[in-house]
1. Between their Cα atoms, which of Lys59/Lys287; Lys162/Lys223; Lys84/Lys112; Lys59/Lys223 are more than 19 Å away from each other?
2. Order of 176-187, 237-248 by packing, highest average Cβ count within 10 Å first?
3. What is the fewest-to-most order of Val218, Val144, Val213 by other Cβ atoms lying within 10 Å of their Cβ?
4. Which net charge results for the neighbourhood of Ser166, defined as the other residues with beta-carbon distances under 13 angstrom from its beta-carbon, given Lys and Arg at +1 and Asp and Glu at -1?
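What follows draws every value from the coordinates through simple rules; no lab data is involved. Because the structure is predicted, anything quoted here is derived from the model rather than measured. Neighbour counts are summed over all protein chains in view; Cβ atoms, including those assigned to glycine, are modelled from backbone coordinates with ideal geometry.
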Amino acid sequence: RFNFFIQQKCGFRKAPRKVEPRRSDPGTSGEAYKRSALIPPVEETVFYPSPYPIRTLVKPLFFTVGFTGCAFGSAAIWQYESLKSRVQSYFDGIKADWLDSIRPQKEGDFRKEINKWWNNLSDGQRTVTGIIAANVFVFCLWRVPSLQRTMIRYFTSNPASKVLCSPMLLSTFSHFSLFHMAANMYVLWSFSSSIVNILGQEQFMAVYLSAGVISNFVSYVCKVATGRYGPSLGASGAIMTVLAAVCTKIPDGRLAIIFLPMFTFTAGNALKAIIAMDTAGMILGWKFFDHAAHLGGALFGIQEFQAWTGVKPSRSTKAKPATVLTSHSSGWDGSPGVSFQAPEGRKKFTPNPSAIFQASAPRILNV
């Protein structure tokens, strides 16, 4: 496309007037986000905050409530269909065994290894495999230069953007930095078996997706209240919900920092420390992390676990430790990688007798 200029009578053309777009205040969080390697470069992106900032929260609020309701409603239907299919598969077991005996075996060592690896995964790990694949796909889209504007518009959440609702969900699967994505996905993979055994596959998906939307809405509220607009992306808000739910379920589990295994502390105290740090960061205006999203995800995880189970967190009894959990927090969380060991004992709520990494002897996995 070429610019068309009007030719003047004297033979000279009029120089085009340069129109400078209105940019955000240098003192806002936009400048701080440029320094972060976790965020795409947005110095050429112009945001126009609404003159009535409170009104910008109306649509995200309705979207959050509607999406959360639809997510849990769909999870209930999915759970019913899964239960019905399990009952049907029980009666089809003999037929399936007979078909396997006459079915030709798969050829190729690679296919056999993939099939063996997939069959050895837990239900939680199989569930998050699709989430990890979606995050990797979106990360690859960030590498395409022609898609930069589209990715910034739809895969980063910002209350000053023209698109408000869909980025609240899409940004949960969006990572610009490889380290950011790898750290977040490692945490999700490490806690996948635990959280799925606690909530179930269907409820976990509803909680995870709803947590991403709710944490982004809390981030919107904080940005509008403080006037510090800027894009955010990453799965840390949803992962904080997973961490908070597991730590609330097993508050007496022992945690150890990855590079300092000699220092241990309980999961309950670690959760309190993370909440305190994110609260301080939100109040003091720390700009490197989206502390409001972290805090919203953590509070939703605590509330969701207590509301779903209807009981208080389980406490340890006089029993030997036998359960091992592992986590590594991402750059968005600002917390180090941890490994914690939860005691095995009588609990008021046990959705699965073999839940949460049963081990024959206590051990700590360093990440």
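1. With Cα atoms farther than 19 Å apart: Lys59/Lys287; Lys84/Lys112.
2. Working: 176-187: 20.4, 237-248: 28.1.
Highest-to-lowest ranking by the protection proxy: 237-248, 176-187.
3. Numbers: Val218 22, Val144 10, Val213 25.
Ascending Cβ contact count within 10 Å gives the list Val144, Val218, Val213.
4. +3
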